[in-house]
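Quick notes on the structure that follows.
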Amino acid sequence: MMQSKRIDPLLKRAQEKEDTVARDLAERQRTLDTHLSRLDELRRYAEEYANAQMAATSPAQLLNRRAFLDRLDSAVSQQSQTVDSNREKVEAERARQGHPFRAGCAFPPPAVPARDNWRQAVRAPACHGWPAAGARARLP
């Protein structure tokens, strides 16, 4: 009972830190999703514009169209770089946390109190080739 009173503030602080890190990661993931959505919309628009037929075209209109298509290509390229940069930030944050969870994994991190994490982690299935926490390596 006495040890529980001593450990509870530490567990509470650890849980608060874990929650803060999870919120930061979630925000980075939302930012990445937003940039991916913008990239998809931009690519779709560029493709539609490139495939659209112009009725009467003068040389000036053709030059304007070509210049606009070049700007669209540049925008798609820049947005792709932004997405790649954000993806690297999300992966770096996950790696910094030492978290085995990866995008597309069917098993997100458990949302349980800090004192129960070890129990949940031992029961958690492996994710993307990472063994479940608590799993022992097989010796030859």
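Limited to segment 10-66, what total is found for residues that are at pLDDT 95 or above, surrounded by fewer than 12 Cβ atoms within 10 Å (Cβ to Cβ) and either outside any helix (DSSP H, G or I) or not basic (Lys, Arg) (or both)? Selection size over segment 10-66: 2. Condition check: in a helix (DSSP H, G or I), exposed (fewer than 12 other Cβ atoms within 10 Å of the Cβ) and at pLDDT below 90. Does residue 106 satisfy that? No.
The values are calculated or read from the model by the stated rules, or taken from the named source; none is laboratory data. Remember, it's a predicted structure, so these values are computed and weren't measured experimentally. When we count neighbours, we look across all protein chains shown, and the Cβ atoms used for this are built from the backbone with ideal geometry, even at glycine.
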